[in-house]
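Read the structure below first, then the notes.
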Amino acid sequence: MNSNLDIKKIERISKALGDPYRILMMEAIKKEKGWMQCSAITEMFDLAQSTVSHHLKQLVEADLLISEKDGRNAKYMINKEAMSEYVKFLNRFEE
């Protein structure tokens, strides 16, 4: 595999992106072009805060989001490097 991602990492990313809410969260965070507060993400969806936190945790564990504490709150940003590696992996199937 000519990627910095191993097969387990690819599986984790694919599973994380297998939920429509997670994809919508990734899109919302990308539109911010930087950090987005957890509370802002929670306000966008008709989901319990604990459910939003669970989805965000899955995205962080897949290395798709970077998480940072901001006082008592958390903020998130797209991990462009990990996303780029995943896209490179997927692009191999077009050849």
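Data for the structure
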| item | result |
| --- | --- |
| Unmet criterion (only one of (1) in a strand (DSSP E or B); (2) at pLDDT 95 or above; (3) of a type outside the set (D, E, K, R)) for A74 | (2) |
| Residues of the range 4-13 classified as loosely packed, with under 15 Cβ neighbours inside 10 Å and assigned to a helix (DSSP H, G or I), total | 3 |
| Selected residue (only one of A16, A74 is surrounded by 15 or more Cβ atoms within 10 Å (Cβ to Cβ), in contact with a Leu (Cβ under 7 Å, 6 or more places away or on another chain) and not hydroxyl-bearing (S, T, Y)) | A16 |
| Tally, over the range 67-87, of residues that are closer than 18 Å to M25 by Cβ and either touching an Asp or Glu at 6+ places or on another chain (Cβ under 7 Å) or touching a residue at least 12 places away in the same chain (Cβ under 8 Å) (or both) | 12 |
| In the range 30-44, residue modelled with the lowest pLDDT [restricted to those that are in a helix (DSSP H, G or I) and among the charged types (D, E, K, R)] | E32 |
| Condition check for L47: part of a loop (DSSP other than H, G, I, E, B), without any contact (Cβ under 8 Å) to a residue 60 or more places away in the chain and surrounded by 10 or more Cβ atoms within 10 Å (Cβ to Cβ) | yes |
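The values are calculated or read from the model by the stated rules, or taken from the named source; none is laboratory data. Keep in mind that this is a model prediction, so the values were computed, not measured. Note that each Cβ is placed from the backbone with ideal geometry, even for glycine, and that neighbours are counted across all protein chains shown.
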